[in-house]
Amino acid sequence: GERGIGKGRLVEELLAGLPEGTEVLKGRDSAFHEDPAFAALADMIRRQLGVEAEQEPDELRKLLEQLVAERADASDVEQVTAGLGLLLGLEEESPGQNPYRSAKIRAAMAGFVRGIARSDPVVMVLEDLHMGRSELLELIEGVLGEVRRLPILVVAVGREEPPGSRSQWAPANADALTIRLEPLGSEDA
């Protein structure tokens with residue numbers, strides 16, 4: 001929907017109506033992140049950790065290891081920690097150095113979400129997706145493919161863009177639904 005139409009308000013209402021015990025993971029896209037391709041996911045993990053972008057790397061790594069140990073399956077802890085570490089910039093390599101970087105991050109996000117979903121339903125909210133790069137959208141599609149049978153809902157919120165743009169995106173599976181918000185009439189508003 002267009003700017004200011006109430007997308008955020010609609011998401012707030014959705015989240016307020018969720019059953020108790022539902023785990024909500026929120027992330028906002030940003031062009032100002034160190035790795036803008038996956039900024040929404042990095043924001044999502046930072047929110048789970050309860051930290052800001054300026055967190056000391058050693059402390060961030062410690063918090064990440066703790067979080068992953070609590071949330072991921074024991075067999076996935078090492079892989080998930082390493083992949084989310086890449087996402088948060090804890091590894092030395094730059095985004096272009098590792099051709100398997102996206103695959104590692106995708107596997108880590110899938111493992112993280114899968115670990116949470118084994119005990120609680122999960123709602124992932126990705127805000128400002130109109131800013132999302134194709135790498136982010138492809139990664140989300142990959143994660144959804146890996147966790148398809150679990151109690152997970154992904155809500156991707158973005159502005160309407162010109163026809164044919166990548167931001168008019170919906171994952172390529174039968175479970176995806178795109179809703180275009182129209183302005184409310186005076187009586188409904």
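The values are calculated or read from the model by the stated rules, or taken from the named source; none is laboratory data. Worth saying up front: this structure is predicted, and the values here are computed from it rather than measured. When we count neighbours, we look across all protein chains shown, and the Cβ atoms used for this are built from the backbone with ideal geometry, even at glycine. We work out accessible area using only protein heavy atoms, side chains counted, and drop any ligands, DNA or RNA first. Shrake-Rupley method; radii C 1.70, N 1.55, O 1.52, S 1.80 Å.
Points to keep in mind about this one:
- List LYS26, LYS104, ordered by accessible area with a 1.4 Å probe, largest first: LYS104, LYS26
- Under 29 Å from the Cα of LYS104 - lysines, other chains or at least 8 residues apart: LYS26, LYS62
- Computed with a 1.4 Å probe over protein heavy atoms only, the accessible area of ILE152 comes to about 40 Å².
- Relative contact order, percent, segment 13-76 [alpha-carbon distance under 8 Å, six or more residues apart]: 21 percent
- Summarising the amide proton neighbourhood of ARG28: residues at separation of 5 or more, or on other chains, whose placed amide H is nearer than 5 Å comprise ASP43, MET44, GLU127.
- Database remark: amide H of VAL154 closer than 5 angstrom to the amide H of MET124 (H placed geometrically; neighbours at sequence offset of 5 or more, or on other chains; Pro and chain starts carry no H).
- THR22 paired with ARG180, simple spin-label distance in nm, labels 7 Å along Cα-to-beta-carbon: 2.6 nm
- Where the alpha-carbon atoms of segment 2-66 are placed on the principal axes, they occupy 39, 31, 16 Å, in descending order.
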